[in-house]
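Colleague: Structure in structure tokens, see below.
The values are calculated or read from the model by the stated rules, or taken from the named source; none is laboratory data. Because the structure is a prediction, the values reported are computed rather than measured. Methodologically, a virtual Cβ is constructed for each residue, glycine included, from the backbone with ideal geometry; neighbour enumeration extends over all protein chains shown. Ligands, DNA and RNA are excluded from the accessible area calculation, which covers all protein heavy atoms including side chains. Shrake-Rupley method; radii C 1.70, N 1.55, O 1.52, S 1.80 Å.
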Amino acid sequence: MFRPFRLDAVLIQAVIAGALSFAHLHDLAEAAGQDGWKAWAYPVSVDLLLVAAWRRMRTDSGNRDAWLWFAIALIASLGANVATAGLLDMNNVPAWLRILVAGWPAIAFLGGTLLAHTHPGPEPTHTPEPVAEVTVERAPEPAPELPPAEPEPVETQPEPAAQEEQPEPAPAPVVPAVVVPPALMAHAQKIADAHRAQTGRPIDAETLRTRHGMPPALADSIALQLA
């Protein structure tokens, strides 16, 4: 939405004053020998320097350079207004004024550059007030009550158990002695040697009996003699 335009007396007054000052600066520059577009550039230069210094003063009121260049631009504008009010012969401008008008571009360039590259001063830092330390004392907590100590158990050594009586080994059965002929004993020795070479174990009576058809008593007797 657009707000309706409303005329302000202060704004109108500023426009009129700016136009008159602009015209006076143009007339003074033209009288000092600056003709054509150069005469119109002088009022623009003065007014821009005035506005730049005023803006710097708004952001940094303690900046002395801004106040200095604002005063220089204001004197230039005010001097042109007074000089063109009939106090100066516009057809015969003195030499010092011609020199001042001719040197104004360099002065305005210096002022604008300094104002553009001048940073505002640092903001004041607020030192925080020291905070009083508050010490909170806590009441000592009562020590926890320990449970009564239990009596240590007495180690009782178990009584040695009665040694179990192990049964005595039964006596080995007595094999009745059987007379073995020497030839049969030599043959049985060969058989036992061959069995040991094959199996790595001595031959027993059961093997002699099953392989060679010997009676049990004779096989037992030969196995005992070969062992």
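Colleague: With respect to ALA80, determine if the residue is loosely packed, with under 10 Cβ neighbours inside 10 Å and either in contact with a helix residue (DSSP H, G or I) (Cβ under 8 Å, 6 or more places away or on another chain) or in a helix (DSSP H, G or I) (or both).
Modeller: Taking the combined requirement at face value, the residue does not satisfy it.
Colleague: Tally up the residues in segment 70-97 that are over 60 Å from the mean Cα position of the chain (by Cα) and among the aliphatic types (A, V, I, L, M), please.
Modeller: Residues flagged as over 60 Å from the mean Cα position of the chain (by Cα) and among the aliphatic types (A, V, I, L, M) within segment 70-97 amount to 11.
Colleague: Then there is this: Check whether at least one residue in segment 66-77 is surrounded by fewer than 14 Cβ atoms within 10 Å (Cβ to Cβ) and in contact (Cβ under 8 Å) with a residue 60 or more places away in the chain, and report yes or no.
Modeller: The answer is no; no qualifying residue exists.
Colleague: Which one of these does VAL101 not meet: (1) under 25 Å from ALA14 (Cβ atoms); (2) surrounded by 15 or more Cβ atoms within 10 Å (Cβ to Cβ); (3) modelled with pLDDT of 85 or more?
Modeller: Going through the list (1) under 25 Å from ALA14 (Cβ atoms); (2) surrounded by 15 or more Cβ atoms within 10 Å (Cβ to Cβ); (3) modelled with pLDDT of 85 or more, VAL101 breaks only (1).
Colleague: Also, I was wondering about something else. For residues that are in a helix (DSSP H, G or I) and surrounded by fewer than 15 Cβ atoms within 10 Å (Cβ to Cβ), tally how many sit in segment 55-64.
Modeller: Residues of segment 55-64 in a helix (DSSP H, G or I): 55-59, 64.
So of that shortlist, the ones also surrounded by fewer than 15 Cβ atoms within 10 Å (Cβ to Cβ) come out as 55, 58-59, 64.
Matching residues across segment 55-64 total 4.
Colleague: Could you grab me the full set of residues in segment 11-51 that are open to solvent by 60 Å² or more (accessible area, probe 1.4 Å), touching a residue at least 60 places away in the same chain (Cβ under 8 Å) and either under 17 Å from VAL93 (Cβ atoms) or in contact with a Ser or Thr (Cβ under 7 Å, 6 or more places away or on another chain) (or both)?
Modeller: Residue satisfying the conditions is ASP27 alone.
Colleague: Could you list, in sequence order, the residues of segment 191-205 that are in a helix (DSSP H, G or I) and open to solvent by less than 70 Å² (accessible area, probe 1.4 Å)?
Modeller: Correct list: ILE191, ALA192, ALA194, HIS195, THR199, ALA205.
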